[in-house]
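Reviewing the structure listed below.
The values are calculated or read from the model by the stated rules, or taken from the named source; none is laboratory data. Computed from a predicted structure; not experimentally measured. With ideal geometry, Cβ positions are generated from the backbone for all residues, glycine too; neighbour counts draw on all protein chains shown. Side chains included, ligands, DNA and RNA excluded: accessible areas come from the protein's heavy atoms. Shrake-Rupley method; radii C 1.70, N 1.55, O 1.52, S 1.80 Å.
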Amino acid sequence: MHLSPHRDFGTGLTFVWLLVSMFSSTAVHAAEWRALVIGVDAYQHVSPLKGAVNDARDIAETLTAAGVRDLTTLYDEAVTREAVLTNWQALIERSAPDDVLVLSYAGHGAQEPEWVSGSEDDSMDEVFLLAGFDVAAPGNGERLRDDDVAAMLRAAGTRSVLVLADSCHSGTMTRSIDPRIERLGTRLVGLPAFEDDVLKTALRHPLLAKAAAEDLDGETMPNVIYVGATVDGQVIPELMIAGEPRGALSWAFARGVEGRADLDRDGGISMEELSRFLQETVRVATEGRQSPSLSIGGGTRAAVLPRVNDNLLSREDNTLTLAASTATALPVLDSLSKVHSGRLDVSSDGPGDLFWDVEAGDVLTKFGDVVLKGNARNADSFAAVVAKWVFLSDLYALSRDRQPIEGRLIPSVGHIPEGAAFKVGLTSDQHGYMAVFGLEADGTLRLLAPDRRADPQGRDTSIQAFEPYVLNLRAALPFGADHIVMVRSAEPMPQLVGVLAALDGQKLGKDLMVGVLKLIGQSAAAIGIAGVYTQPAG
């Protein structure tokens, strides 16, 4: 890739600050947190999922560890329309007006034509599909429309409500998925028109009958925070995270409540902190395929979320799995697993985090992305890609214990074709000193800033809060996945910059990786990582 640094990038991604006045830390007594957590994998009439119940159980376990005592869970066949509405009604009835309610859903989402013409900008209503849903009656009654959810929230009165929805309802993947990779699935179901819609004729549940069914709206529901898995135009992939099928939003939310979203380490998690944490954690975990949707009502940034005081972070599995297109490559994979002892597993009959198509010389990820195109022709070149991704995995883990740095790519979707120009912007929320380097698709390291030859005045040694640092790039060999990394520190980092300068143009081996990570860990107050996917022209 060809590049030149530049500072004028306009506005970076705007984090949606989550604000709710009912969460004020100056309340006379602490509000009680109460939660209804829902997860559906075992759909009876539509394609099953693999990670939604894992998501729900993780959220339930984490909320319990954070001190939430009133928690109801519904999994798989227990997730009926009647059960959801009745349990939510009971949760409201046993809560006090200043309590905080959590409604968490992981499962399939869908869209259907709006019931009231003109009520939706896109003429479509959003839907959560429950375990017994079927397009034919009576099964089509096993769904929750957005109007139903809005009525549930309205029934909560003035109580503050946090909604976490790990599903999707529309759009397409930001990048196509290579057919060589068998993906877990997505949380989207296409719905035909219903010939006999049970919900249009059935008696309304008492909870819904008492509340006005209006769409979720930050202005009319000032007590509601809504965190959705995606913005319009993206489909939610299920991922293998820590060895289990998961949804990235639920996983990130649970890790945030465990303490990682407590960015200022003051013992509480403000909605501002949660917003920043989820935006960057989900983006990084999905290699840019997914961006959460956040909406808010209210007027304060007070610390509102409880957090886990025990150290649960050690349970995270940081192991990568390798697979190949032919059994003849297994000795190479086994050898690499020994070199990176404890960091790599080998799969002989299933998908891996990294898949080596030996015949084509390609390396792919579990997401179906080609991360090196045509240049993995031998064991050494594949080993260099593996070393890069082990380093990235460790860097991701390290970054989650530091302040996030926002990454922005223009254009923001798809693969960048050969020769095309693009920009990467990195924005910090604090002043400081920086080091920026790239990891090319084949594992080659490039020091990008500070660059004494391009900038002898040393302007690239520091970064200003909320002023994006921009790299103007052009797609070139090697094609696949390039990653831009920014490290921010309160003090200059001469030792880290010196090592990166010495390694410029080299590929990282295991010993070099350990040394660079140690220096970053010693220096970094904040870390940002932005992935860029390129491909040959045509």
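Ignoring ligands, DNA and RNA, please state the percent of accessible area on region 430-538 from carbon and sulfur, probe 1.4 Å. Display every interim value, and only then the final one.
On the way: 2230 of 4430 Å².
Exposed carbon and sulfur together represent 50 percent of the surface.
Return the Cα extents of region 418-538 along principal axes one, two and three, sorted largest first, each rounded to a whole Å.
Principal-axis extents of region 418-538 (Cα, largest first): 46, 35, 25 Å.
How far, in nm, would the chain grow between A490 and A202 when pulled straight, counting 0.36 nm per residue and subtracting the alpha carbon separation? Numbers along the way, then the final one.
Numbers: separation 288, 0.36 × 288 = 103.68 nm, distance 6.21 nm.
Stretched out fully, the A490 to A202 stretch lengthens by 97.5 nm.
Set the Förster distance to 56 Å, then compute FRET efficiency between A136 and Q430 from the Cβ-Cβ distance, nearest 0.05.
Details: r = 56 Å, r/R0 = 1.01.
With a Förster radius of 56 Å, E is 0.50.
Which chymotrypsin sites (Phe, Trp or Tyr not before Pro) in region 54-160 sit in a loop by DSSP (not H, G, I, E or B) and have at most 10 other Cβ atoms within 10 Å of their own Cβ? Before the final figure, lay out the partial values.
Details: sites: Y75, W88, Y105, W115, F128, F133; in loops: W115, F133.
Qualifying residues, ordered by number: none.
Quick check on region 46-97: take the gyration tensor over C-alpha atoms, sort the square-rooted eigenvalues as a ≥ b ≥ c, and tell me if it's rounded (a/c under 1.5), prolate or oblate.
On the way: a/c = 3.77, a/b = 1.27, b/c = 2.98.
Oblate is the answer for region 46-97, as a/c is 1.5 or above yet b/c matches or exceeds a/b.
Would you mind getting the accessible area per residue of region 327-485, heavy atoms of the protein chains only, 1.4 Å probe, in Å²? Don't skip to the end; give the middle numbers.
Values: 6010 Å² over 159 residues.
The answer is 38 Å² per residue.
Given region 356-395, what whole percent of its Cα pairs are spread farther than 13 Å?
Working: 381 of 780 pairs.
I get 49 percent for the Cα pairs in region 356-395 exceeding 13 Å.
Could you tell me what % of all Cα pairs in region 320-379 have separations over 19 Å?
On the way: 368 of 1770 pairs.
Looking at region 320-379, the distances longer than 19 Å represent 21 percent of pairs.
Express in nm, to one decimal, how much length is gained between K338 and I410 on full extension, taking 0.36 nm for each residue of separation and deducting their alpha carbon distance. Walk me through the numbers on the way to the answer.
Numbers: separation 72, 0.36 × 72 = 25.92 nm, distance 3.93 nm.
Extra length available between K338 and I410 comes to 22.0 nm.
How long is the gain from A397 to L477 if the chain were fully straight, where each residue apart is worth 0.36 nm and the alpha carbon distance is subtracted?
Details: separation 80, 0.36 × 80 = 28.80 nm, distance 2.84 nm.
That pair, A397 and L477, stretches by 26.0 nm at full extension.
How large is the accessible surface of K510 in square angstrom, using a 1.4 angstrom probe and rounding to the nearest 10?
Approximately 90 Å² for this residue.
Applying 1/(1 + (r/R0)^6) with R0 = 60 Å to the Cβ-Cβ distance of S348 and A96, what FRET efficiency is obtained, to the nearest 0.05?
On the way: r = 56 Å, r/R0 = 0.94.
The value I calculate is 0.60.
For region 457-497, taking Cα atoms only, what is the radius of gyration to one decimal and the Dmax to the nearest whole Å?
Looking at region 457-497, its Cα Rg and Dmax stand at 13.4, 35 Å.
Please report, as a whole percent, how much of the solvent-accessible surface of region 38-132 comes from carbon and sulfur atoms (probe radius 1.4 Å).
On the way: 1880 of 3700 Å².
For region 38-132, the apolar C and S fraction of the accessible surface comes to 51 percent.
Using amide H atoms built in the peptide plane, which far-off residues or other-chain residues are under 5 Å from D125 H to H?
Hits under the 5 Å cutoff: E112, E114.
Of K338/K507; K366/K510; K50/K200; K423/K518, which ones are farther than 21 Å apart at the Cα? Could you put the intermediate results ahead of the total?
Numbers: K338/K507 19 Å; K366/K510 23 Å; K50/K200 31 Å; K423/K518 29 Å.
In this structure, K366/K510; K50/K200; K423/K518 exceed 21 Å between Cα atoms.
Determine by what factor the alpha-carbon radius of gyration of region 366-486 differs from 2.2 N^0.38 Å, reporting the quotient. Present the calculation step by step, with values, prior to reporting the outcome.
Numbers: Rg = 15.3 Å, N = 121, 2.2 N^0.38 = 13.6 Å.
Cα-based Rg divided by the globular estimate yields 1.13.
Using θ = phi - 60° and the Karplus relation 6.51 cos²θ - 1.76 cosθ + 1.60, list the HN-Hα couplings for region 378-394 in order, rounded to whole Hz, with x at every Gly or Pro.
3J(HN,Hα) across region 378-394, in whole Hz: 8, 5, 5, 5, 5, 4, 5, 5, 4, 4, 4, 6, 5, 4, 4, 4, 5.
What does the accessible area per residue of region 52-91 come to in Å², with a 1.4 Å probe and no ligands, DNA or RNA counted?
Heavy-atom accessible area per residue stands at 38 Å².
Note down the nm distance, to one decimal, between modelled labels 7 Å out along Cα→Cβ at R69 and at R377.
About 6.8 nm, to one decimal.
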